[in-house]
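In what follows, a single structure is set out as structure tokens and then discussed.
The values are calculated or read from the model by the stated rules, or taken from the named source; none is laboratory data. All figures in this text were calculated on a predicted structure; none of them were measured in a lab. Cβ sites come from the backbone with ideal geometry, for glycine too, and all protein chains shown count toward neighbours. Side chains are part of the model used for accessible areas, which takes the heavy atoms of the whole protein and leaves out ligands, DNA and RNA. Shrake-Rupley method; radii C 1.70, N 1.55, O 1.52, S 1.80 Å.
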Amino acid sequence: MGVESPGGPDGRSTRGAPRPGGPRRVSRLVDIAEAVGVHVSTVSRVLNGDPAQSIRPEIYERILTTARQQGYRPNALARALKRRRTGTFAFVVPLLRNPIWARLQRGALQRARERGYVVMIMEEPTEDPRPPGDYGYLVEESRADGLLLATSLRVPEHGAGVSGPPHVYVNRRGPDRGNDVIMDEPGAIRMFLDYAVGLGHRRFALLDGPAEVDTVFRRVGAARRACAARGLSLAVRHAAPTEDGGWDATTRMLRRGPRPTICGVGSLNQVFGVMAALRDAGVDVPGEMSVVSFDEDECLAYLEVPVTSVSMPLPELGVAAVDALITRVEGTPAGDVVVREPMKLLKRGSVAPPP
């Protein structure tokens, strides 16, 4: 009788691989450890988010990648009982109809799955967002282990009652420092200005969301400082982050002079209102006014005039937010995070030299 080889035709281990004519074998910690070439305890610490782990980044990523490829799924019930946790995060976001949040969520959901968590998505309308403290009951009642908060505003009532449960502010800065995971908005402004100034533009407009939204606050502040330093003209218009908001702000802007030659737009939904208002007023884009979006989505390439955009690292922001929240849930000291890369300018048909 022949002896069965421990490997496949190429000499690799066949553990965790589907058997011909049978169901896929459930992957185990020992299978992942064998594939990566580390001890099973190392795999266990990574997949269970052990805060005491000291593992090289490349090994850490190989373990996560191998676990995903082998379809490893931890026993959620046993893990919850052992660690006294639910394995769930609550992610509170505004305006789900904005595709930008879908990109951020995709990064967060994938990272959470890699690290053995699930994410519950909750939407709050931008017209009346609730203070972060209103969601503390989710942790207190053991419905979630921590909070990912993307709705915090720069208003006093949003600074109360947030110090208790583990939480991270996503794309926002909260009142309690050390829990912020944000992107490099000043870097996006510099990228926009460098490109436009290189084409000869000197009169700028920035049409953005409400001033109490921290992302808008940082973007507008960076634009004011940079334009003042370069001797550029800047008009700022705040409006609702919707199509109507973009339409109304653009209509008001066109009634007041001098007219800017290029307009940066903070929200994807606002972009559609801006383009419609310019078209309705007979303003040629980019002949009379150029337009740049600070939100990127593939749909911008298919408009009548394809819109140039600054593409921000939204999936990477979601990944960083989940990692930061797990660190806080595990009780490890942590600080604020700024996600700077990858950021790039996608040049399309909505920008030209000034008339």
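Some notes on this structure:
- Only one of the numbered conditions (1) surrounded by fewer than 18 Cβ atoms within 10 Å (Cβ to Cβ); (2) outside any strand (DSSP E or B) is violated by E123, and that is (2).
- Each residue in region 96-108 was checked for being crowded, with 18+ Cβ neighbours inside 10 Å and either under 30 Å from L29 (Cα atoms) or at pLDDT below 90 (or both), and 7 of them qualify.
- Failed condition for A80, given (1) open to solvent by less than 40 Å² (accessible area, probe 1.4 Å); (2) modelled with pLDDT of 80 or more; (3) aliphatic (A, V, I, L, M): (2)
- For region 217-240, a tally of residues being in a loop (DSSP other than H, G, I, E, B) and open to solvent by 30 Å² or more (accessible area, probe 1.4 Å) returns 2.
- Qualifying residues in region 234-263 (those that are aliphatic (A, V, I, L, M) and touching a strand residue (DSSP E or B) at 6+ places or on another chain (Cβ under 8 Å)) - the one nearest to S350 (Cα to Cα): I262
- Criterion violated by D214 - all others in (1) among the charged types (D, E, K, R); (2) surrounded by 18 or more Cβ atoms within 10 Å (Cβ to Cβ); (3) touching a helix residue (DSSP H, G or I) at 6+ places or on another chain (Cβ under 9 Å) satisfied: (3)
- Among residues of region 154-173, those that are crowded, with 23+ Cβ neighbours inside 10 Å and at pLDDT below 85, counted: 1
- Per this entry, R143 is counted among residues that are of a type in the set (K, R), farther than 24 Å from V274 by Cα, open to solvent by 20 Å² or more (accessible area, probe 1.4 Å) and not in a helix (DSSP H, G or I).
- Close pairs from region 251-264: first within 9 Å of A235 (Cβ to Cβ), partner of a type in the set (K, R) and open to solvent by less than 70 Å² (accessible area, probe 1.4 Å), Cβ under 8 Å, at least 6 apart: M253/R237
Residue-by-condition table, conditions (1) within 18 Å of L345 (Cα to Cα); (2) in a helix (DSSP H, G or I):
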| position | (1), (2) |
| --- | --- |
| L148 | no, no |
| E157 | no, yes |
| Y169 | no, no |
| R173 | no, no |
| R177 | no, no |
| V181 | no, no |
| A188 | yes, yes |
| D194 | yes, yes |
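- Wholly enclosed helices (runs of 4 or more DSSP H) of region 1-77 bearing at least 1 residues at pLDDT 80 or above, polar (S, T, N, Q) and surrounded by 12 or more Cβ atoms within 10 Å (Cβ to Cβ): 40-47, 57-69
- Residues that are part of a helix (DSSP H, G or I) and open to solvent by less than 90 Å² (accessible area, probe 1.4 Å), drawn from region 244-260: G245, G246, D248, A249, T250, T251, R252, M253, L254
- Restricting the search to strands (runs of 3 or more DSSP E) fully inside region 272-355 and requiring at least 3 residues that are in contact (Cβ under 8 Å) with a residue 24 or more places away in the chain, of a type outside the set (F, W, Y) and buried (at least 19 other Cβ atoms within 10 Å of the Cβ) gives 290-293, 308-311.
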